[in-house]
Amino acid sequence: MTNFYKGSAFKDKKNLGIATVPAGSTGKAGAPTGGHNLSVYAGSDKAHQAAALKFVNFMTSAQAQETIALKNSTLPTRSDAYTAQVKADPGIAGYQGVLAAAQPRPALPEYSSLWVPLDTELAKVAGGKESLDKGLGNAELAISELLDGFGK
């Protein structure tokens, strides 16, 4: 969200709308789910495992998640991190509004690669450096190169 807010159209954060993905032929709108994972490598020595666990505990604390949410406009995973200040962020409130329509990601090895062109182009479009049509076209072309049988 912080990259979107850099665009001149979003000086007023309330100018950015967040919606579900259109329903298409299924008749049911969806929304992507996402996030990041933290893990501790079991093959590390005890000192490194303890340090990693301490870091994971810190990153998953309500206070850290509140701070990260306010800095990046990302959704906390903990309900107790949704403080009044976090809920007041228009980006977080917008994503909360579509979260009920979230669908699990398909189990594809290429899946994480599919987001790269979208992330790249969306930042350019939202920042006013590229038109929507050009950004979508560039993303479509990049995705078509990742998936067999998908073509423009």
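The values are calculated or read from the model by the stated rules, or taken from the named source; none is laboratory data. These figures come from a predicted structure and were not determined experimentally. With ideal geometry, Cβ positions are generated from the backbone for all residues, glycine too; neighbour counts draw on all protein chains shown. We work out accessible area using only protein heavy atoms, side chains counted, and drop any ligands, DNA or RNA first. Shrake-Rupley method; radii C 1.70, N 1.55, O 1.52, S 1.80 Å.
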Got a number for residues in region 13-33 being closer than 23 Å to Asp119 by Cα, open to solvent by 90 Å² or more (accessible area, probe 1.4 Å) and not in a helix (DSSP H, G or I)?
1
Please determine whether any residue of region 60-78 is open to solvent by 80 Å² or more (accessible area, probe 1.4 Å), farther than 24 Å from Tyr5 by Cα and assigned to a helix (DSSP H, G or I).
no
Within region 97-118, identify whether any single residue is of a type in the set (D, E, K, R) and free of Cβ contacts under 8 Å to residues at least 40 places away in the same chain, and answer yes or no.
yes
What is the residue count in region 34-59 for residues that are open to solvent by less than 50 Å² (accessible area, probe 1.4 Å) and more than 29 Å from Leu118 (Cβ to Cβ)?
2
